[in-house]
Amino acid sequence: MATKKKTRSPSTGRRYSKGAGKTVASAMRRRKKGTLRSGKGGKGGRVKSRKQAIAIGLSEARKKGARVPRKKAA
């Protein structure tokens, strides 16, 4: 018997809110511009990684109260 792959059904809705998407897009633009910085209060180094920029955008969205899934436990 073949096992079925678990996929999200289209009726479950969006995983991230529209506001969260806008915040991530803003972080990506800042990364390209060279003004996105990591660390508390932006005291860290300049962000060059695409993945890190997305993570920062999602973190900012969480702080604003946008609907974003919880971080996976390390």
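The values are calculated or read from the model by the stated rules, or taken from the named source; none is laboratory data. Note that the structure is predicted; figures quoted are calculated from it, not measured. With ideal geometry, Cβ positions are generated from the backbone for all residues, glycine too; neighbour counts draw on all protein chains shown.
Results, tabulated for the structure shown:
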read-out: Candidate set: region 17-52, residues that are in contact (Cβ under 8 Å) with a residue 24 or more places away in the chain and aliphatic (A, V, I, L, M); chosen: the one surrounded by the fewest Cβ atoms within 10 Å (Cβ to Cβ); value: ALA25
read-out: Residue identified as out of contact with any helix residue (DSSP H, G or I) (no Cβ under 8 Å at 6 or more places or on another chain) and modelled with pLDDT under 90 among LYS32, LYS43, LYS18; value: LYS43
read-out: Some residue of region 53-74 being touching a residue at least 12 places away in the same chain (Cβ under 8 Å), among the polar types (S, T, N, Q) and either out of contact with any strand residue (DSSP E or B) (no Cβ under 8 Å at 6 or more places or on another chain) or under 30 Å from THR12 (Cα atoms) (or both); value: no
read-out: Selection status of SER11, outside any loop (DSSP other than H, G, I, E, B), polar (S, T, N, Q) and modelled with pLDDT of 90 or more; value: no
